[in-house]
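K.L.:
I have a structure here, written as structure tokens, and I will follow up with some questions on it.
Read-outs: derived from the displayed coordinates by stated rules, not from any lab. This one's a predicted model, so the numbers in the text were calculated from it and none came from an experiment. Don't worry about glycine lacking a Cβ; one is built from the backbone with ideal geometry, like all the others, and counts go over all protein chains shown.
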Amino acid sequence: MPEGPELATAKERVQYKDGLFHFAIAGVSGSGKSSLINAFRGLRNGDLGAAPTGVIETTSQIDRYPDPNPRLPFVWYDIPGAGTFAQSDWQYFNSQGLFVFDCIIVLFDNRFTLTDISILTNCRRFQIPTYIVRSKADVHIRNVVADMGYDSDNDDGTRHAQAYNSACERYIAETRATVQKNLKEAGLPDQRVYVVSHKTMVSTVKDRVLSPKTIHELELVRDLLEEACARRCALFIHMRLTLSTD
């Protein structure tokens, strides 16, 4: 772990503050990082205070977004896509100061890449908790439904739900198998993969409504909250022990 001036500079750059929990969302360009950050904060794309989104990479520097819920001491960070820099993955991790964050969400869309593996490897070196998340589930599942030959013109009203459920199960299974294979080849331990849609995530966080198309959105939010609580409790205990020995 970098120490001294390097660590202090990195914390200053992201406005790291003790007492807050700092989530970073990292991944290749175009994976939907900004949309997911908005969803985690209960905002829809285009809402006041939402992170800008676009077809091309809209983030060229680390952007900081405090959670609008005053009861949640969270800060969300939109990390520039690794594919937008002419530097190695290790240099990317270091230059972006990813080692200062309390938790890193590795987000991918179409392919789980070597860049994602590199981020996970470096997080493991620095003992930073990580979550692997696949975005845009709604779009991908619709594509799987079409690939399975579903035809709405011949639907009596029941076939779409059956086709959607089958496509969802297939998509989740294929995603897990792909990530598991890549982790094993990289010598990394197996890890859960969360499959989410930012639209469903907004409903979960803002409206507190579980959509019929909810997959892992609620579980991801719950696990992130538990991670934050556990880390904060550990920090509190460490501070108490330090004070008691002074």
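K.L.:
With labels modelled as points extended 7 Å from the Cα through the Cβ direction, what inter-label distance (nm, one decimal) is found for Leu225 paired with Thr178?
P.N.:
So the label points at Leu225 and Thr178 sit 3.0 nm apart.
K.L.:
For Arg125 and Met148, compute 0.36 nm times the residue count separating them, minus their Cα-Cα distance, and round to one decimal in nm. The partial results should precede the final answer.
P.N.:
On the way: separation 23, 0.36 × 23 = 8.28 nm, distance 4.17 nm.
Full extension of this stretch gives 4.1 nm more.
K.L.:
To the nearest 20 Debye, how big is the dipole of the stretch 98-194 about its Cα centre, given +1 on the beta carbon of each Lys and Arg and -1 on that of each Asp and Glu? Can you show the working numbers first?
P.N.:
Working: 12 positive and 13 negative charges, 122 e Å.
With Lys and Arg at +1 and Asp and Glu at -1, about 580 debye.
K.L.:
What net charge do the residues around His140 carry, taking every other residue with its C-beta under 14 Å from that of His140, with Lys and Arg at +1 and Asp and Glu at -1? Don't skip to the end; give the middle numbers.
P.N.:
Working: positive: Arg111, Arg134, Lys136, Arg142, Arg170, Arg176, Lys199, Lys213; negative: Asp109, Asp138, Asp147, Glu169, Glu174.
Surrounding charge for His140 is +3.
K.L.:
Evaluate the distance, in nm, between pseudo-label points positioned 7 Å from the Cα of Gln162 and of Arg111 along their respective Cα→Cβ axes.
P.N.:
Result for the modelled spin labels: 3.6 nm.
K.L.:
Also, I was wondering about something else. Tell me which residues come under 5 Å, amide H to amide H, from Tyr194 once H is placed; ignore anything under 5 positions away on its chain.
P.N.:
The answer is Ile132, Val133, Arg134.
K.L.:
A further question on this structure: At 0.36 nm per residue, minus the direct Cα-Cα distance, what do Gln15 and Leu210 gain on full extension? Give it in nm, one decimal, please. All intermediate terms of the calculation are to be shown ahead of the outcome.
P.N.:
On the way: separation 195, 0.36 × 195 = 70.20 nm, distance 3.40 nm.
Full extension from Gln15 to Leu210 adds 66.8 nm.
K.L.:
Using only alpha-carbon positions, what ratio does the radius of gyration of the stretch 94-137 give when scaled by 2.2 N^0.38 Å?
P.N.:
On the way: Rg = 10.6 Å, N = 44, 2.2 N^0.38 = 9.3 Å.
Normalised by 2.2 N^0.38 Å, the Cα Rg of the stretch 94-137 equals 1.14.
K.L.:
Moving on to the next point. Using amide H atoms built 1.01 Å from N in the peptide plane, name the residues 5+ places from Phe21, or on other chains, whose amide H lies under 5 Å from its own.
P.N.:
Phe74, Val75
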